[in-house]
Amino acid sequence: MKYRIGHETMARVTKCLFNFECLNDGNCPMCSVEKEIASFGFFVKDRHRREACPYLLPYGHSYICYCPVRMEIFKKYNQ
């Protein structure tokens, strides 16, 4: 499935190291959402990237994702 993301959201993502693979390939693995944190981001259940993602913050034994594109995918498509 290809996702449609707003231009405003795309403009806020300036540090993506993966060339927006999550939008180009519907089979791209994304971090699984565990719990949303208001409008900031969400805790992730697991990370699918072994490389360092600039939008993942370590938090204890977990991670917080604050990627605007991932957040919009979660909110629009419940994924």
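The values are calculated or read from the model by the stated rules, or taken from the named source; none is laboratory data. What you are looking at is a predicted structure, and each value in this text was computed from that prediction instead of being measured. For neighbour counting, all protein chains shown are included, and Cβ atoms are generated from backbone atoms with ideal geometry for every residue, glycine included. The protein model used for the area step is the full one, side chains on, heavy atoms only, and it has no ligands, DNA or RNA in it. Shrake-Rupley method; radii C 1.70, N 1.55, O 1.52, S 1.80 Å.
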(Q) As a test of understanding, state the convex hull volume per residue of the chain from its alpha carbons, in Å³. (A) 92
Q: Express the carbon and sulfur contribution to the solvent-accessible surface of the chain as a percent, rounded to the nearest whole number, probe 1.4 angstrom.
A: 51
Q) Roughly how many debye, to the nearest 20, is the charge dipole of the chain about its Cα centre, given +1 on each Lys and Arg Cβ, -1 on each Asp and Glu Cβ, and no other charges? A) 40
Q. GLN79's amide H: which non-local residues (gap 5+, or another chain) put their own amide H closer than 5 Å, with H modeled 1.01 Å from N in plane and none for Pro or chain starts?
A. PHE74
Q. So which chymotrypsin sites (Phe, Trp or Tyr not before Pro) in the chain end up in coil per DSSP with only 13 or fewer other C-beta atoms within 10 Å?
A. PHE18, PHE40
Q.
Restricting to DSSP H runs of at least four residues, report the calculated mean residue ellipticity at 222 nm for the chain, -39500 (n - 2.57) per run over all residues, nearest 500 deg cm²/dmol.
A. -6000 deg cm²/dmol
Q. Got a sec to turn the phi values of region 30-46 into Karplus ³J(HN,Hα) couplings, 6.51 cos²θ - 1.76 cosθ + 1.60 with θ = phi - 60°, whole Hz, x for Gly and Pro?
A. 10, 4, 7, 7, 9, 7, 6, 10, 6, 9, 7, x, 7, 6, 9, 6, 8
**Q.** Cleavage-rule hits, GluC sites (Glu not before Pro), region 27-79, DSSP coil, Cβ neighbours within 10 Å at most 16
**A.** GLU51
Q) Counting only pairs 8 or more places apart or on different chains, how many lysine pairs in the chain have C-alpha atoms closer than 18 Å? A) 6
